[in-house]
Amino acid sequence: MESVDCLVVGAGAIGLAAARALAARGREVIVVEATDRIGSGISSRNSEVVHAGLYYPRGSLMARLCVEGRRALYDFCASRHIPHGECGKMIVAASAGEIGELEALRERARGNGVDDVVLLDGAQARALEPGLSCVAALLSPSTGIFDSDAYMRALQGELESLGGVVALKTPALGGAATGERVALDLGGAAPTRLRCKLLVNAAGLAATKLARSVAGLDPALAPRTYLAKGNYFSLVGQKAPFARLIYPAPVSGGLGVHLTFDLAGAARFGPDVEWVEKEDYVVDPSRAASFYAAIRRYWPDLKDGALQPAFCGLRPKLSPPGAPARDFLILGPGDYGGVRVVSLFGIESPGLTASLAIGEHVADLAQGR
């Protein structure tokens, strides 16, 4: 049986960042990916927003890793010439009843170490964004956007320069944990069983399935994953009059239908929250009706017919519809009785922003920290 030091399952932003962090500490690393390209899952189907760290409970992994990851991500993008922009965003209260939510977000942000947020009244907000309709807004200057594809290619390049390998079209089929090692069956053109000293389960939507397919790992530690589909619509035939990202007050299951830009300046709206039972990447055009209603609360000048289906993504939620949101769940060898496995469950937003910090956290767990 072939052996390797570290085996990472999943070549999305999280898997690549973890693999890079491990390789930078002198570990031998192979990343296996079921599809034919890196970042083809959760990592490529999102808003490409660099989150500041406003929304997450103080002391949570989401809060800590988002703030650490945001700083690291901006530095990484700047030093490697990856397209990005610290454009800022405004979270708006469309009615007086939502102002309290903005005040609570400001206090939560400060508790997370995000000290640059400013609460504006309606006049101050419209002075910055004249096309906006609101009674108040929370300004987050350190929110931005970046090119996630270029970022993941850079992670892969650095991993490979450190001696790491990415194997595409190589699905993980299951395996067995024996002692402190794990043997994993890999499919593809040359099926094999590979033994590793460390297994990192960064399989995204398939993380729970993979964890339960490895004999010797307690299946009760692998949480059920609920799928929240997020649909996006692009803006056509009309230019959005905003220089910043525009977000409504948060809603259950997500951050509300917000306006973001790609790096070429094209506007898109989303995601909404559509709970589904299985993977589905088709945007239902009829959902545009709810988008118009949501967007016109903060941009009443949106024209009829200006939205067209763009793309959608899936968020791996650890809580069912209507239940309070749960934090990232990252288990290490201490949780697995000494078996050298790190599993990452429920890595949704702000996982992309936090990915470099998550990678370092995985490497720390691998060293017993």
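The values are calculated or read from the model by the stated rules, or taken from the named source; none is laboratory data. Since the model is a prediction, treat every value here as computed from it, not as a measurement. Neighbour counts run over all protein chains shown; Cβ positions are idealised from the backbone, glycine included. Remember, those area values only see protein heavy atoms, side chains included, never the ligands or the DNA or RNA. Shrake-Rupley method; radii C 1.70, N 1.55, O 1.52, S 1.80 Å.
Long-range amide H contacts for VAL200: which residues qualify at under 5 Å (H placed 1.01 Å from N, peptide plane, sequence gap of 5 or more or a different chain)?
LEU7, VAL8, VAL9, VAL342
Where Lys and Arg each count +1 and Asp and Glu each count -1, what net charge lies around ILE82 among other residues with Cβ under 10 Å from its Cβ?
Details: positive: ARG80, ARG153; negative: ASP147, ASP149.
That works out to 0.
Among LEU22, CYS196, LEU54, whose Cα lies farthest out toward the positive end of the dipole of the chain, if unit charges sit on the beta carbon of Lys, Arg (+1) and Asp, Glu (-1)?
In the chain, that residue is CYS196.
Any idea what % of Cα-Cα pairs in the chain are farther than 31 Å? Can you show the working numbers first?
Numbers: 23773 of 67896 pairs.
That fraction is 35 percent.
With Rg and the Kirkwood Rh both taken from Cα atoms, where does Rg over Rh land for the range 279-369? Don't skip to the answer; put the middle values down first.
Details: Rg = 19.5 Å, Rh = 16.7 Å.
Reported Rg/Rh (Cα atoms, Kirkwood Rh): 1.16.
For the chain, what's the relative contact order in percent, using C-alpha pairs closer than 8 Å and at least 6 residues apart? Could the numbers behind the result be given before it?
Values: 854 pairs, mean separation 90.7, N = 369.
After rounding, I find 25 percent.
Using a 1.4 angstrom probe with every protein chain in place, what is the largest-first accessible-area order of CYS87, CYS6? Don't skip to the answer; put the middle values down first.
Numbers: CYS87 45, CYS6 0 Å².
Putting CYS87, CYS6 in descending order of accessible area: CYS87, CYS6.
Report the relative contact order of the range 100-192, percent, no decimals, based on alpha-carbon pairs under 8 angstrom and at least 6 residues apart. Don't jump to the answer; show the numbers that get you there.
Values: 78 pairs, mean separation 14.6, N = 93.
Reported as a whole number, the value is 16 percent.
Roughly how many Å² of SER290 are accessible to a 1.4 Å probe, to the nearest 10?
Looks like 60 Å² after rounding.
Report the net charge of residues surrounding GLY111, where surrounding means a beta-carbon distance below 12 angstrom and charges are Lys +1, Arg +1, Asp -1, Glu -1.
Numbers: positive: ARG58, ARG64, ARG106, ARG108, ARG110; negative: GLU107, ASP115.
Counting the neighbours of GLY111, the net charge comes to +3.
Which percent of the accessible heavy-atom area of the chain goes to carbon and sulfur, probe 1.4 angstrom?
Numbers: 7660 of 14940 Å².
Of all accessible area on the chain, carbon and sulfur atoms account for 51 percent.
How many Å² of accessible area per residue for the chain, probe 1.4 Å? List each step's numbers first, then the result.
Values: 14940 Å² over 369 residues.
Dividing the accessible area of the chain by its residue count gives 40 Å².
Please report the antiparallel percentage of DSSP beta bridges with both residues in the chain, rounded to the nearest 5. Walk me through the intermediate numbers first.
Numbers: 48 of 71 bridges.
Of all bridge pairs located within the chain, approximately 70 percent are antiparallel.
Picking from GLY256, GLY122, GLY12, which is most flexible by a Gaussian network model of the chain using Cα springs under 10 Å?
Comparing GLY256, GLY122, GLY12 in a Gaussian network model of the chain, the most mobile one is GLY122.
Looking at this model, which pairs from LYS239/LYS278; LYS209/LYS229; LYS197/LYS278; LYS278/LYS317; LYS197/LYS229; LYS169/LYS317 are more than 24 angstrom apart at the alpha-carbon? Display every interim value, and only then the final one.
On the way: LYS239/LYS278 35 Å; LYS209/LYS229 19 Å; LYS197/LYS278 33 Å; LYS278/LYS317 13 Å; LYS197/LYS229 35 Å; LYS169/LYS317 26 Å.
Check vs 24 Å cut-off fails for LYS239/LYS278; LYS197/LYS278; LYS197/LYS229; LYS169/LYS317.
Which value, in debye to the nearest 20, describes the size of the charge dipole of the chain about its Cα centre when Lys and Arg Cβ atoms bear +1, Asp and Glu Cβ atoms bear -1, and nothing else is charged? Walk me through the numbers on the way to the answer.
Details: 38 positive and 38 negative charges, 62 e Å.
Value, rounded to 20: 300 debye.
Ignoring ligands, DNA and RNA, how do ARG195, ARG315, ARG212 rank by accessible area with a 1.4 Å probe, largest first?
On the way: ARG195 80, ARG315 35, ARG212 130 Å².
I get ARG212, ARG195, ARG315, largest accessible area first.
Leaving ligands, DNA and RNA out of it, rank HIS84, HIS51 by accessible area with a 1.4 Å probe, largest first. Each step should come with its number before you reach the end.
Working: HIS84 70, HIS51 20 Å².
Most to least solvent-accessible, the answer reads HIS84, HIS51.
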